[in-house]
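**Student:** Okay, handing you the structure first.
The values are calculated or read from the model by the stated rules, or taken from the named source; none is laboratory data. What you see is a predicted model, and the numbers here were worked out from it, not measured in a lab. Using ideal geometry, Cβ is built from the backbone for each residue, glycine included, and neighbour counts are taken over all protein chains shown.
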Amino acid sequence: MSSSALTERPAPPAAPPRPDTAPRRRTRVLSLPEARWAAVATVLFLIALPLQLTGAPAWAWGPLYALAYATGGWEPAWAGLRALKEKTLDVDLLMIVAALGAAAVGQVMDGALLIVIFATSGALEALATARTADSVRGLLDLAPATATRLLDDGTEESVPTGELTVGDTILIRPGERIGADGRVLDGASEVDQATITGEPLPVAKEVGDEVFAGTLNGTGALRVKVERDASDSVIARIVAMVEEASETKATTQLFIEKVEQRYSIGMVIATLAVFAVPLAFGAALTGSLLRAMTFMIVASPCAVVLATMPPLLSAIANAGRHGVLVKSAVVMERLGQVDAVALDKTGTLTEGTPRITDTRPLPGSGLTEDELLALAAAAEHPSEHPLARAVVEAARARGLALAVAEDFNSVPGVGVSATVEGRVVTVGAPERVHGGTSRPEAGGGREGAASEIAAELEERGRTAVLVEVDGVPVGVLGIADRLRPDAAATVAALTGLTGRTPVLLTGDNPRAAAAVAAEVGIGEVRAGLLPQGKVAAVKEREADGRRVLVVGDGVNDAPALAAAHIGVAMGRAGSDLALETADAVIVRDELATVPAVVALSRRARSFVVQNLVIASLFITALVVWDLVATLPLPLGVLGHEGSTVIVGLNGLRLLREAAWTKARGQGLPPTHDPL
């Protein structure tokens with residue numbers, strides 16, 4: 001059974017449309033009327049069957065069977081005719097033809113039973129498939145319909161949450177659900193964030209902390225400033241990206257559908273042979289026709305086609321509920337294939353919120369510490385880089401006034417420049433901003449002094465930032481970042497999953513990079529890299545046959561994220577370019593979810609294999625039974641539809657919370673540990 005029309009994400013580009021000639025059943029959206037028709041057909045059949053078996057006249061049970069045909073078969077027949085109009089051979093239509101053929105040769109009860117089983121199994125299958133999307137879309141129901149907005153005059157008004165805009169202030173009373181993503185302006189409370197993070201314990205929230213729509217406030221009252229529109233909230237993004245992912249085909253799915261086209265042609269030819277050959281040797285018409293129709297049904301590859309998508313989409317939905325947005329089924333499948341990992345440092349292994357630790361004006365610059373910091377902050381103000389934000393926040397913390405920057409220019413991996421009060425201020429890495437002259441061997445003067453200070457700071461694990469005015473060094477800033485609490489555990493888990501220790505790729509200086517690498521257990525470090533250097537390091541590993549997973553957050557990581565087998569971006573501190581380029585996004589910046597989603601992908605891949613085995617065994621057994629012995633048509637339909645439903649339900653097991661819990665605690669691939 002094939003999934004609905006699927007499209008690829010922008011990178012890689014979508015496959016061009018192709019003719020689809022394979023017999024298929026389109027996944028039907030289960031509506032309440034359709035369920036009622038299936039139920040009516042079943043009731044009519046159950047009334048007609050005992051009448052026939054007890055010897056009642058045909059006029060008593062015949063019309064009941066006819067109504068069962070009509071009520072249970074009109075919808076798949078209509079769907080099959082629409083597909084035929086599009087030059088697609090639909091299994092729905094083939095099933096209806098088989099049922100009518102059975103009635104034509106006097107097997108009215110068998111045909112009616114086929115219709116009932118087919119309609120009922122189709123309804124159950126559609127319901128099972130819809131659970132994947134429903135489990136995620138149900139998150140939207142967690143957000144309250146209304147919120148209490150505080151007006152400038154201090155009054156309150158109740159408004160639909162969809163009307164809240166960025167900058168609004170809302171009041172969340174004890175026990176209420178939070179209506180929008182935002183930041184706490186006043187108050188303190190504990191918030192249950194299980195709907196977003198999956199963590200069972202409430203999280204303390206106070207002034208400055210971020211809160212999310214749909215999470216449940218505890219005993220305190222909070223005033224929250226709205227920072228995202230309703231359509232851009234974490235919950236809405238999860239839903240949108242999972243729904244988008246559900247419209248893509250995994251590589252395995254594409255391969256199956258390619259094989260399916262050729263298989264279907266062979267199946268149609270074989271069906272004709274199963275009917276014609278016995279007939280040519282004197283077999284009865286009725287028996288030959290029933291055998292051929294049964295063969296056509298049991299040989300149909302519905303369960304094989306359905307084997308791939310339910311496990312992958314269930315894994316996508318489960319990951320989405322826990323703050324990992326996987327952008328497509330292709331990505332979910334590829335995540336389980338990675339065997340090498342490259343990690344960025346700032347904003348990935350570290351929290352991405354560095355702070356100024358040293359402010360060192362150079363002798364002869366005539367600047368105080370505050371003046372140096374104010375100049376650097378003015379130039380960095382338009383930048384979105386974490387180091388730039390650290391400079392600006394440090395200046396604001398000291399209450400410094402920042403001049404307006406003009407002619408701002410940013411070169412990823414190098415630094416920024418801007419005109420501040422008529423002077424060109426440049427801020428960036430010492431060895432790059434000044435064309436390589438800011439080194440100890442460059443001689444004395446300010447260049448030499450800047451190099452000595454930078455070397456001293458880097459020896460202490462700081463990131464040194466050189467500040468120049470009109471091309472002349474005037475000072476050096478020292479910046480340090482805090483390591484994420486789960487960084488070391490994540491590195492260990494990724495090592496267990498891939499069989500090799502991740503490599504650290506960073507534009508930072510070698511000393512600071514080595515200090516972080518030693519702390520988290522990384523042995524190989526590539527420091528001082530420009531964006532193209534990170535890409536080269538990734539391609540070097542892929543040239544050795546590795547499938548590389550890159551985790552990063554900044555603009556300078558975007559090329560490497562695009563070049564890798566899989567790119568994962570940190571969502572909270574990540575740049576817009578990195579988020580757009582990455583294949584998956586870690587919404588809550590919980591680094592430990594990276595190995596968890598890799599383990600979940602491997603489990604999904606194992607479920608795909610299980611499904612293919614189940615489907616193949618059913619098809620083989622039923623086909624052999626039909627060819628060697630006599631397989632009753634209704635029993636063939638029951639086996640065919642049953643295998644399809646079993647395969648779908650098996651994949652949906654990955655929706656369970658236990659699947660994520662096991663994946664998160666997994667340090668090794670869980671392919672031999674089924675749920």
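**Student:** Taking residue 518 as meeting all but one of (1) at pLDDT 85 or above; (2) among the small types (Gly, Ala, Ser); (3) more than 30 Å from residue 455 (Cβ to Cβ), write down the number of the exception.
**Tutor:** So residue 518 meets the others, but not (3).
**Student:** Okay, next question. Within the range 605-638, which residues are under 26 Å from residue 110 (Cα atoms), of a type outside the set (A, V, I, L, M) and either part of a helix (DSSP H, G or I) or in contact with a Leu (Cβ under 6 Å, 6 or more places away or on another chain) (or both)?
**Tutor:** Residues satisfying the conditions are 616, 618, 620, 625, 626, 634, 636.
**Student:** Looking only at the range 348-403, how many residues end up being out of contact with any helix residue (DSSP H, G or I) (no Cβ under 8 Å at 6 or more places or on another chain) and at positive phi?
**Tutor:** The total comes to 2.
**Student:** What's the number of the condition residue 339 fails, among (1) out of contact with any strand residue (DSSP E or B) (no Cβ under 7 Å at 6 or more places or on another chain); (2) within 30 Å of residue 540 (Cα to Cα); (3) not assigned by TED's automatic domain parsing to the domain that holds residue 564?
**Tutor:** That leaves (3) as the condition not met.
**Student:** Same structure again: Considering only the range 309-330, how many residues are buried (at least 24 other Cβ atoms within 10 Å of the Cβ) and touching a Leu at 6+ places or on another chain (Cβ under 8 Å)?
**Tutor:** Within the range 309-330, residues that are buried (at least 24 other Cβ atoms within 10 Å of the Cβ) and touching a Leu at 6+ places or on another chain (Cβ under 8 Å) number 9.
**Student:** Is the range 554-561 home to any residue that is of a type in the set (Val, Ile, Thr), at pLDDT 85 or above and under 21 Å from residue 350 (Cα atoms)?
**Tutor:** No, the range 554-561 contains no residue that is of a type in the set (Val, Ile, Thr), at pLDDT 85 or above and under 21 Å from residue 350 (Cα atoms).
**Student:** Which residues, taken from the range 603-635, are under 26 Å from the mean Cα position of the chain (by Cα) and more than 19 Å from residue 301 (Cβ to Cβ)?
**Tutor:** 603, 604, 605, 606
**Student:** Hey, another quick one. Please determine whether any residue of the range 448-463 is surrounded by fewer than 18 Cβ atoms within 10 Å (Cβ to Cβ), at pLDDT below 90 and among the hydrophobic types (A, V, I, L, M, F, W, C).
**Tutor:** yes
**Student:** Still on this structure, I have one more. Let me confirm something: among 83, 56, 104, which residue is surrounded by fewer than 21 Cβ atoms within 10 Å (Cβ to Cβ), at pLDDT 85 or above and assigned by TED's automatic domain parsing to the domain that holds residue 615?
**Tutor:** 56 is the lone residue from the list that is surrounded by fewer than 21 Cβ atoms within 10 Å (Cβ to Cβ), at pLDDT 85 or above and assigned by TED's automatic domain parsing to the domain that holds residue 615.
**Student:** While we're looking at this one, here's another question. Assigned to a helix (DSSP H, G or I) and under 26 Å from the mean Cα position of the chain (by Cα): is that true of residue 549 in this structure?
**Tutor:** No.
**Student:** If you don't mind, another one. From the list 454, 488, exactly one residue is touching a Pro at 6+ places or on another chain (Cβ under 9 Å), among the aliphatic types (A, V, I, L, M) and not in a loop (DSSP other than H, G, I, E, B). Which is it?
**Tutor:** 454
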